[in-house]
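The values are calculated or read from the model by the stated rules, or taken from the named source; none is laboratory data. Keep in mind it's a predicted model, so treat the numbers as computed, not measured. Don't worry about glycine lacking a Cβ; one is built from the backbone with ideal geometry, like all the others, and counts go over all protein chains shown.
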Amino acid sequence: MTAAAAPRAKIEVEDLRLSYGHREAIHGISFDVKANEILGVIGPAQSGKTSLLRCLNRTIDFVAAAHVSGTIRVDGEDVRGMRDVFELRRRVGMVAPLPVGLPMSIYDNVAFAPRCAGLRATGDLDAIVERCLRQAALWDEVKDRLRSLGTKLSGGQQQRLTIARALSHQPDILCLDEFSIAIDPVTTMRIEDVLKELKRDVTIILVTNLTQQARRLADRTMFLMAGDLVEIGRNEVVFSDRPARQQTYDYINGLFG
Amino acid sequence: MDEPIPSGAPARHDGEPPFAQTSFGRRKVRQEAAARAVFLVMTLLMVAPLVAIVTHLVVEAWPALSLEFLLDIPRERMTTGGVWPAFVGTIYLVVISLAVAAPIGVLAAVYLNEYAKDSWFNRVISLAVINLAGVPSIVHALFGLGAFVYAARFGFSVAAASLTLAIMTLPVIIASTREALSAVPMSFREACWNVGATRWQTIRGVVLPNSTSGILTGIILQVSRAAGETAPIMFTGAVLYKAVERGALLPYYLDDQCMALSMHLYVLTTQVPNVAPAIPYATAVVLLGSVLLVNASAIGLRIWLRNRKRW
């Protein structure tokens, strides 16, 4: 790696440790995420995938007993020293695994974040709502009833609404945690296509239990297990017959896990 | 061949109709009917005294009940006439005390529920609030006497009595508001935080709009408590008699002493000789009626808001 010439990584994680009370969930992992790549994150349950994302946008702060050490830098700035965590969370979009439609209209669901960031002009909000709903493959289904409640949508529609909301504040990093868990395969494919397009503007971290989804979408994939980083590398290597670690091969090919 | 795993299903024999009654099945049905009957009887037992009280009150009060009774002032050493000064006094006390207690209580509850971390200090505060709600009203009365009448130099007055009632209702308002706030699912808050909303934006945008019904109900239920208590106001500002014009809407100043329905009822039944027997009953009906009216409006409000519930 030509470290001197390479542009600074979008996210740099160094020796990240996270414990909940006395139980350590992440045991000191280090990796980079490059600008405009899709980094797949795979690993069995309890491997620390979701906790890792919560450290990135500092929603881990809300967990009372959680203790984080090590550094996470976004664009070179240590997230744990930031005063304005709200701007950090605006820049690091997050899609949680379970769909959450906020108890307000579909329009307000998508306009909520821009409004929180201070945007008031109706024309701008209209444009953002339409763009995000289109990107989340939901526009055609809801364009005639934007004023009806987001909570009344079906589970899959609410999941896409959640994705639209995560795009609405124009993050430059987008974290997706099992986004396809409640969505049918056809819609999943449509959103995957959108993600490939978004890559031009956004850095994406894709946590998924579907190893094939990581194989399809990601440029690089990271394999976590029980809070340890087993392997991170280009997809051609990780998903080849000879990844760096035998464990990776076994997990991806369903030999354990 | 393996033994079949017991499933609790009755053994079936060939040729039997598929829903044949077993003795166990019949017993289950009987038990169900018995349980239902017991619960129903208990519910009726609970309603019976309430119906008896209300019927008795209304029957006894009937000769005195009229609009005139509500609007008139007590006459001839309180042996006849109406309850207007006491009725207005109660409204004064309740409105002022809730105007003080409701904002403080709701805002404190928002802090405790939305901002406070699970620390030693905040746990002590929560525990204190819960215990305060259980303090007997006579203790609040003595506190009000010491704090507002003497220390703050309000004297025996509407202000001192209202503040004492406010102190008394505050912990319950905090508790009911916290209850309403925690009924809003945590996932809504997390969704807001994830898009960069501050806690305040989250509270204003999602938490408060969806807990209004519970918060308001909790506050309104305190109306009946504030209106019904005698001890706290007897020590701090309610008096036997106060000359007020018939039907006057603003008869008291904050530093005046006042009459109140609960106090008036106590006085009529224990201190005044030769009262027409219907008068105390009619006073009780006015007190009970206004409290029930307020509670009914709380129920109505709750139903209306629940129909607008959004998840």
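Quickly run through the range A:96-110 and pick out the residues that are touching a Lys or Arg at 6+ places or on another chain (Cβ under 9 Å) and either outside any strand (DSSP E or B) or free of Cβ contacts under 8 Å to residues at least 12 places away in the same chain (or both).
Kept after step one, since they are touching a Lys or Arg at 6+ places or on another chain (Cβ under 9 Å), are these residues of the range A:96-110: A:99-110.
Scanning the range A:96-110 gives A:Pro99, A:Val100, A:Gly101, A:Leu102, A:Pro103, A:Met104, A:Ile106, A:Tyr107, A:Asp108, A:Asn109, A:Val110.
Take A:Thr162 and tell me if it is surrounded by fewer than 22 Cβ atoms within 10 Å (Cβ to Cβ), part of a helix (DSSP H, G or I), touching a Pro at 6+ places or on another chain (Cβ under 6 Å) and of a type outside the set (Gly, Ala, Ser).
Numbers: surrounded by fewer than 22 Cβ atoms within 10 Å (Cβ to Cβ): no; part of a helix (DSSP H, G or I): yes; touching a Pro at 6+ places or on another chain (Cβ under 6 Å): yes; of a type outside the set (Gly, Ala, Ser): yes.
Considered against the rule, which asks whether it is surrounded by fewer than 22 Cβ atoms within 10 Å (Cβ to Cβ), part of a helix (DSSP H, G or I), touching a Pro at 6+ places or on another chain (Cβ under 6 Å) and of a type outside the set (Gly, Ala, Ser), A:Thr162 comes out as no.
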Go through (1) modelled with pLDDT of 95 or more; (2) closer than 30 Å to B:Pro251 by Cα for B:Arg77 and report which single condition fails.
(1)
List the number of the failed condition for B:Pro280; all other conditions in (1) without any contact (Cβ under 8 Å) to a residue 24 or more places away in the chain; (2) under 30 Å from A:Val85 (Cα atoms); (3) not aliphatic (A, V, I, L, M) hold.
(2)
Out of the range B:42-65, which residues are surrounded by fewer than 12 Cβ atoms within 10 Å (Cβ to Cβ) and of a type outside the set (Val, Ile, Thr)?
B:Met42, B:Leu44, B:Leu45, B:Met46, B:Ala48, B:Pro49, B:Leu50, B:Ala52
Verdict on B:Glu245 being out of contact with any helix residue (DSSP H, G or I) (no Cβ under 8 Å at 6 or more places or on another chain), surrounded by fewer than 21 Cβ atoms within 10 Å (Cβ to Cβ) and either among the acidic types (Asp, Glu) or at pLDDT 95 or above (or both)
yes
Of the residues in the range A:143-159, how many are at pLDDT 90 or above and not in a helix (DSSP H, G or I)?
8
Name every residue in the range A:165-186 that is assigned to a helix (DSSP H, G or I) and out of contact with any Gly (no Cβ under 8 Å at 6 or more places or on another chain), in order of residue number.
A:Arg165, A:Ser168, A:Phe179, A:Ser180, A:Ile181, A:Pro185, A:Val186
In the range B:257-287, how many are surrounded by fewer than 19 Cβ atoms within 10 Å (Cβ to Cβ) and either at pLDDT 90 or above or in contact with a Pro (Cβ under 7 Å, 6 or more places away or on another chain) (or both)?
4
All positions within the range A:166-200 that are within 14 Å of chain B (Cβ to nearest Cβ) and over 16 Å from A:Gly93 (Cβ atoms):
A:Ala182
Only one of (1) within 14 Å of another protein chain (Cβ to nearest Cβ); (2) assigned to a loop (DSSP other than H, G, I, E, B); (3) charged (D, E, K, R) fails for B:Arg306. Which number is that?
(2)
Suppose we keep only residues that are of a type outside the set (A, V, I, L, M, F, W, C) and within 12 Å of another protein chain (Cβ to nearest Cβ) within the range A:104-131. Which one would you say is nearest to A:Thr162 (Cα to Cα)?
A:Asn109
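Test B:Asn122 against the stated conditions and say whether it is under 30 Å from A:Leu88 (Cβ atoms), at pLDDT below 95, surrounded by 18 or more Cβ atoms within 10 Å (Cβ to Cβ) and over 20 Å from the mean Cα position of the chain (by Cα). Can you show your working first?
Values: under 30 Å from A:Leu88 (Cβ atoms): yes; at pLDDT below 95: yes; surrounded by 18 or more Cβ atoms within 10 Å (Cβ to Cβ): no; over 20 Å from the mean Cα position of the chain (by Cα): yes.
So B:Asn122 fails the test.
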Listed residues B:Val195, B:Val244; which is under 22 Å from B:Ser162 (Cβ atoms) and over 26 Å from the mean Cα position of the chain (by Cα)?
B:Val244
Tell me, which residue of the range A:132-159 that is of a type outside the set (Ser, Thr, Tyr) and at the interface with chain B (Cβ under 10 Å from one of its Cβ atoms) is surrounded by the fewest Cβ atoms within 10 Å (Cβ to Cβ)?
A:Lys152
Of all residues in the range A:52-106 being charged (D, E, K, R) and in contact with a Ser or Thr (Cβ under 8 Å, 6 or more places away or on another chain), the one that is farthest from A:Ser148 (Cα to Cα)
A:Asp78
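For the subset of the range A:46-78 comprising residues that are hydroxyl-bearing (Ser, Thr, Tyr) and part of a helix (DSSP H, G or I), which member is farthest from the other protein chains (Cβ to nearest Cβ)?
First pass over the range A:46-78, keeping only residues hydroxyl-bearing (Ser, Thr, Tyr): A:47, A:50-51, A:59, A:69, A:71.
So of that shortlist, the ones also part of a helix (DSSP H, G or I) come out as A:50-51, A:59.
Values: A:Thr50: 12, A:Ser51: 14, A:Thr59: 6 Å.
Here the answer is A:Ser51.
Being of a type outside the set (Gly, Ala, Ser) and buried (at least 16 other Cβ atoms within 10 Å of the Cβ) is the filter; apply it to the range B:101-119 and report the residue that is nearest to the chain's Cα centre (by Cα).
Taking the range B:101-119 first, the residues of a type outside the set (Gly, Ala, Ser) are B:103-104, B:106-107, B:110-115, B:117-118.
If we keep only those that are buried (at least 16 other Cβ atoms within 10 Å of the Cβ) too, we end up with B:106, B:110, B:112-114.
Values: B:Val106: 15, B:Val110: 20, B:Leu112: 22, B:Asn113: 21, B:Glu114: 24 Å.
By that ranking, first place goes to B:Val106.
Of the residues B:Val275, B:Val285, B:Val294, only one is of a type outside the set (Lys, Arg), farther than 30 Å from B:Ala180 by Cβ, in contact (Cβ under 8 Å) with a residue 40 or more places away in the chain and part of a helix (DSSP H, G or I); which? Walk me through how you get there before you give the answer.
Values: B:Val275 fails: part of a helix (DSSP H, G or I); B:Val294 fails: farther than 30 Å from B:Ala180 by Cβ.
Only one candidate passes the filter, namely B:Val285.
Being outside any helix (DSSP H, G or I) and more than 7 Å from chain B (Cβ to nearest Cβ) is the filter; apply it to the range A:79-95 and report the residue that is nearest to A:Leu138 (Cα to Cα).
The first filter runs over the range A:79-95 and keeps only residues outside any helix (DSSP H, G or I), leaving A:82-84, A:92-95.
Cutting the leftovers down to more than 7 Å from chain B (Cβ to nearest Cβ) gives us A:82-84, A:92-93, A:95.
Numbers: A:Met82: 35, A:Arg83: 35, A:Asp84: 32, A:Val92: 22, A:Gly93: 18, A:Val95: 15 Å.
Top of the filtered list is A:Val95.
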